[in-house]
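All of the numbers you see were taken from the coordinates with simple rules; none came from a lab. Worth saying up front: this structure is predicted, and the values here are computed from it rather than measured. Neighbour counts run over all protein chains shown; Cβ positions are idealised from the backbone, glycine included.
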Amino acid sequence: MQKVRQILAAAAFAGMAASANAQAPTVKNVVLVHGAFADGSGWRGVYDQLTRRGYRVTIVQNPLTSLADDVAATRRALDRQDGRTVLVGHSWGGVVITEVGVHPNVAALVYVSALSPDAGETTAQQYAGFAPTPEFVIETHESGFGYLSPAKFKAGFAHDVSDAEAAFLRDSQVPINMSAFQSKLTNAAWRTRPSWAVIATEDKAFDQAMLLHMAKRIGARITTVPGSHAVFITQARVVADTIEQAAQEASKAAVAGR
């Protein structure tokens with residue numbers, strides 16, 4: 001009889017544990033937001049890393065026509081998620097996730113060599129007081145859209161990829177409406193969402209002091225890694241590891257009721 005009671009107790013305990021695990025909220029969704037002069041295909045390495053680990057990954061294709069348009073594209077992606085999500089932005093994508101990251105599905109933010117203005121600030125304001133970046137040259141077309149200089153593209157954007165890959169990135173770049181950099185943000189999602197930052201130490205698009213200043217201001221957990229501005233391509237594993245850390249920490253916080 002004692003043995004029967006032990007078996008029943010063990011079964012009940014296993015059932016309660018299974019029920020608790022089934023109810024424990026986990027973060028398995030990731031939305032990736034690209035920056036200016038690029039499109040979502042640059043996330044392929046990060047996508048492959050994360051999907052192999054069991055994450056559901058969605059890649060936003062920003063039109064780069066205005067902050068409002070890019071926010072709308074990202075919001076549509078967030079609306080399609082089936083639960084809590086890690087929202088990730090590279091470069092200009094950081095501005096987008098800062099604005100739209102107050103979406104109820106967003107559990108954490110990851111900034112990948114990215115901008116992170118405050119509410120009421122513009123992207124352009126973030127550069128004030130920091131060193132210029134002479135290798136990162138934007139040429140503005142009469143239409144108001146900016147392209148990276150073909151002659152300096154590799155040096156400024158992706159010096160650590162092959163010549164052939166740099167040429168492809170250069171020739172497939174997506175221009176951005178330069179007026180977007182003057183748009184004031186309404187939200188600063190990093191004020192209410194935990195944040196992580198991956199900073200490429202050889203980034204020629206931003207002064208290193210600027211990247212560190214932004215990351216520290218938002219209270220991000222910072223990872224530094226050798227790499228160009230194309231760190232989302234060249235250091236895909238490090239970026240994926242950081243995203244996974246954010247997902248795990250957000251899951252723990254949800255279980256703890258924080």
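At a glance:
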| quantity | calculated |
| --- | --- |
| Residue match in the stretch 238-254 (condition: at positive phi, out of contact with any Ser or Thr (no Cβ under 8 Å at 6 or more places or on another chain) and exposed (fewer than 15 other Cβ atoms within 10 Å of the Cβ)) | no |
| Selection status of PHE130, closer than 30 Å to ARG221 by Cβ and in contact with a His (Cβ under 7 Å, 6 or more places away or on another chain) | no |
| Wholly within the stretch 22-121, helices (runs of 4 or more DSSP H) carrying at least 2 residues that are hydrophobic (A, V, I, L, M, F, W, C) and within 29 Å of ILE138 (Cα to Cα) | 67-79, 92-100 |
| Any hit, the stretch 153-161, residues being β-branched (Val, Ile, Thr) and without any contact (Cβ under 8 Å) to a residue 40 or more places away in the chain | no |
| Of all residues in the stretch 96-109 being under 11 Å from the mean Cα position of the chain (by Cα) and farther than 15 Å from GLN61 by Cα, the one that is surrounded by the fewest Cβ atoms within 10 Å (Cβ to Cβ) | ALA108 |
| Qualifying residue in the stretch 238-246 (condition: acidic (Asp, Glu), touching a helix residue (DSSP H, G or I) at 6+ places or on another chain (Cβ under 9 Å) and outside any helix (DSSP H, G or I)) | no |
| All positions within the stretch 56-84 that are more than 17 Å from the chain's Cα centre (by Cα), closer than 22 Å to SER179 by Cβ and touching a residue at least 40 places away in the same chain (Cβ under 8 Å) | THR65, SER66, ALA68 |
| Odd one out for GLY129, checked against (1) without any contact (Cβ under 8 Å) to a residue 40 or more places away in the chain; (2) not in a loop (DSSP other than H, G, I, E, B); (3) not β-branched (Val, Ile, Thr) | (2) |
| Every residue from the stretch 65-87 that is surrounded by 15 or more Cβ atoms within 10 Å (Cβ to Cβ) and closer than 23 Å to VAL239 by Cα | ASP70, VAL71, ALA73, THR74, ARG75, ALA77, LEU78, GLN81, ARG84, THR85, VAL86, LEU87 |
| Index of the failed condition, THR192 passing every other in (1) within 30 Å of ALA253 (Cβ to Cβ); (2) crowded, with 18+ Cβ neighbours inside 10 Å | (2) |
| Those residues of the stretch 129-162 which are surrounded by 15 or more Cβ atoms within 10 Å (Cβ to Cβ) and closer than 21 Å to SER179 by Cβ, in sequence order | THR133, PHE136, VAL137, ILE138, PHE145, GLY146, TYR147, LEU148, SER149 |
| Given (1) in contact with a strand residue (DSSP E or B) (Cβ under 8 Å, 6 or more places away or on another chain); (2) free of Cβ contacts under 8 Å to residues at least 12 places away in the same chain; (3) closer than 20 Å to VAL27 by Cα, index of the condition GLN208 fails | (3) |
